[in-house]
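Here, each number is a calculation from the coordinates, and none is a lab measurement. Predicted model, so just to flag it, every value in this text is computed and none were measured. Glycine gets a Cβ as well: all are built from the backbone with ideal geometry, and neighbour counts include every protein chain shown.
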2 protein chains.
Amino acid sequence: MLLFLTLLHGAESRAQQTIAERLGYPRDAKLLIVHADDLGMAHSVNAATIKAFEAGLVNSGSIMVPCPWLSEIAAYARSNPQADLGLHLTLTSEWISFRWGPVSPRDRVTSLLDKDGYFYLTESEAAAHADPKQVELEITAQIERARALGIQPTHLDSHMGTLYQNKDLFEVFLRVARSQKLPVRVAKTWFTRPDFLPSTLNPDDVYIDRTLDINQSVPASDWSKFYSDAIKKLEPGVTELVIHLAYDDAEMRGATFNHPDWGAAWRQRDFDFFTSDAFRKLLQENQIKLITWRELGKLIK
Amino acid sequence: MLLFLTLLHGAESRAQQTIAERLGYPRDAKLLIVHADDLGMAHSVNAATIKAFEAGLVNSGSIMVPCPWLSEIAAYARSNPQADLGLHLTLTSEWISFRWGPVSPRDRVTSLLDKDGYFYLTESEAAAHADPKQVELEITAQIERARALGIQPTHLDSHMGTLYQNKDLFEVFLRVARSQKLPVRVAKTWFTRPDFLPSTLNPDDVYIDRTLDINQSVPASDWSKFYSDAIKKLEPGVTELVIHLAYDDAEMRGATFNHPDWGAAWRQRDFDFFTSDAFRKLLQENQIKLITWRELGKLIK
């Protein structure tokens with residue numbers, strides 16, 4: 001009975017603890033992960049993100065296993081085992097001049113492929129066609145290939161949010177993440193959006209307070225202002241700032257020529273801001289502490 | 001009997017005719033195909049080669065179907081149906097930071113894959129492991145994907161020469177090419193090298209007199225001299241000048257960082273020479289006529 005009460009008490013207090021407290025920080029600490037998506041996609045993405053890692057303020061990222069430049073970022077991961085690198089599980093291929101497809105045998109994941117044999121262009125098309133069993137096969141194959149190349153992922157997220165598009169896909173995602181004992185990009189602030197989120201999560205799952213990202217409504221001239229304001233207003237708890245780094249070079253312009261949103265110039269603006277002294281000062285002035293998914297992963301039993 | 005003699009006479013005279021004569025040119029005509037390999041591999045390759053096509057002196061090229069930038073060059077092919085584009089059938093993935101794999105389901109072409117699930121790095125590894133039945137499946141899938149994307153190939157060749165590495169592979173290559181009624185890059189001057197070549201070819205097969213390409217022994221400073229000398233000494237008949245175009249930019253440097261041979265600067269030198277006025281003048285001064293694989297393909301019954 002005492003044991004039962006103790007366990008119950010432990011569960012209750014864990015439920016009441018914030019994620020900041022579970023990590024050992026005060027409840028009012030402002031904790032930030034500065035996370036670059038889309039590693040492996042293109043040389044420009046890899047080169048800019050590695051440069052930003054070296055500059056010291058971008059401290060996390062996630063890798064797209066099906067993409068052509070995986071080997072380059074896998075070599076970086078092997079040489080930098082302390083780097084906070086997760087997998088950006090990929091079920092879409094969104095640029096029209098430059099495409100990729102599955103890691104698993106394509107005749108076993110036909111529900112994931114468009115008429116040309118690549119992943120679908122959009123997350124809504126991908127989710128509408130995806131057989132969850134085939135999704136499980138493919139994302140497991142992506143994790144296995146990453147591990148075979150010497151990447152030890154610290155977390156999982158989902159390129160273009162495909163795995164959050166419906167409950168069936170999200171359950172596959174959670175099941176795979178739990179079996180791998182890896183934390184997943186999920187935020188408390190999302191709980192009102194896809195209504196299936198709270199019911200699929202367990203009290204033991206590790207999730208953060210919020211994510212933060214720029215969007216198409218922000219004009220290029222307001223890039224720094226958007227991020228500066230967001231940092232000044234940062235609330236206590238764990239925030240993941242989701243960014244997209246690359247150089248505005250020929251390769252990225254070729255890939256994103258018809259799509260300025262998340263395009264070459266967009267990614268260069270992100271690179272410029274997150275490697276700037278202005279960003280460094282903002283973090284200091286606002287008492288923001290950088291943390292990583294590696295710390296969050298240690299909370300998983 | 002008369003018919004038999006006529007047929008025999010036809011076969012004999014065709015056997016005695018040079019390929020130049022079969023094309024309707026005088027026996028002493030100097031006919032040249034200026035052919036850029038590796039389309040689809042990278043944006044830099046596509047962009048430089050399209051620019052060279054537009055400059056007018058590079059008049060043929062071949063496409064790597066398994067590579068990430070296939071869609072970009074397929075769009076060019078659909079918009080430019082007169083372009084002389086073939087398929088550069090691909091069974092190797094030679095850059096270590098940047099890789100690709102099969103078009104067919106990977107569990108059905110396991111003999112073509114290295115331990116990381118990509119094509120082998122070298123043509124000798126690829127040929128040593130390749131099951132000819134799986135090669136036939138894969139190159140047929142490459143041709144089918146190209147056609148599905150609206151590419152109407154005028155010819156076939158083999159990236160890094162993998163399909164010429166042994167008789168079994170070459171027989172697969174010829175069988176597929178004959179069934180597609182497409183000419184294959186084969187030259188009479190090669191007949192002394194792989195000794196299986198003459199015995200596998202039929203009198204009806206279309207092949208050219210020689211190929212010509214630069215190699216690692218030529219220092220960068222002698223690039224123009226090598227090509228100029230070769231053009232001045234060009235022998236009568238059909239020659240294919242096999243070149244590799246790209247810009248010396250970040251993407252190509254990233255791909256070829258450890259491999260200056262056929263690397264970024266090499267390809268920029270090729271681009272510079274084959275879009276130059278010097279090359280145009282050399283063609284004029286030496287009475288060289290440009291022809292394409294499309295003309296050669298018309299000889300196939």
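Below are the figures for this structure:
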| quantity | calculated |
| --- | --- |
| Separation between Cα centres of region A:28-53 and region B:208-267, rounded to whole Å | 38 Å |
| Estimated [θ] at 222 nm from DSSP helical runs (n ≥ 4, -39500 (n - 2.57)) normalised by residues in the protein assembly as shown, nearest 500 | -12000 deg cm²/dmol |
| Farthest positive-ward along region B:1-154 dipole, Cα basis, beta-carbon charges - from B:ALA126, B:ILE143, B:LEU91 | B:ILE143 |
| For region A:212-221, Karplus couplings with θ = phi - 60° (6.51, -1.76, 1.60), whole Hz, Gly/Pro x | 9, 8, 7, 8, 5, 6, 8, x, 3, 5 |
| Cα-centre dipole for the protein assembly as shown with unit charges at Cβ (Lys and Arg positive, Asp and Glu negative), debye to 20 | 340 debye |
| Per-copy distances of the A:HIS129 label point, shortest first, in nm (7 angstrom along Cα→Cβ) | 2.9 |
| Nitroxide proxy distance, nm - points 7 Å out along Cα→Cβ at B:GLU21 and A:LYS115 | 4.9 nm |
| Ascending count of other beta-carbon atoms within 10 Å, so fewest first, for A:ARG185, B:ARG269, A:ARG280 | A:ARG280, B:ARG269, A:ARG185 |
| Listed residues B:TRP293, B:LEU283, B:ALA255: farthest to the positive end of the dipole of region B:251-301 (Cβ charges) | B:TRP293 |
| Position A:ASP195, label points 7 Å along Cα→Cβ, spacing to each other copy in nm (shortest first, one decimal) | 7.9 |
| Cβ-based exposure ranking for A:GLU235, A:GLU123, B:GLU72, in which fewest neighbours within 10 Å come first | A:GLU235, A:GLU123, B:GLU72 |
| Counted charge near B:ARG210, where neighbours are those whose Cβ lies closer than 9 Å (Asp, Glu -1; Lys, Arg +1) | -2 |
| Charged-residue dipole, Cβ positions (Lys, Arg, Asp, Glu), region B:126-183 about Cα centre, Debye nearest 20 | 220 debye |
| Cβ-placed point charges (K, R +1; D, E -1), dipole of region B:37-169 about Cα centre in debye, nearest 20 | 300 debye |
| Cβ-defined net charge surrounding A:ARG99, 10 Å radius [Lys, Arg +1; Asp, Glu -1] | -4 |
| For B:LYS233, label point 7 Å along C-beta direction: distances to other copies, nm | 7.3 |
| Rounded, prolate or oblate (a/c below 1.5 giving rounded, otherwise prolate when a/b exceeds b/c) for chain B by Cα gyration tensor | oblate |
| Ranking of A:TRP266, A:TRP293 by count of other Cβ atoms within 10 Å, fewest first | A:TRP266, A:TRP293 |
| HN-Hα J in Hz across region B:42-48 - Karplus 6.51, -1.76, 1.60, θ = phi - 60°, x for Gly and Pro | 8, 4, 4, 5, 4, 5, 5 |
| Dipole axis of the protein assembly as shown (+1 Lys, Arg; -1 Asp, Glu on Cβ), positive-most option in B:ASN215, A:VAL109, A:ILE231 | A:VAL109 |
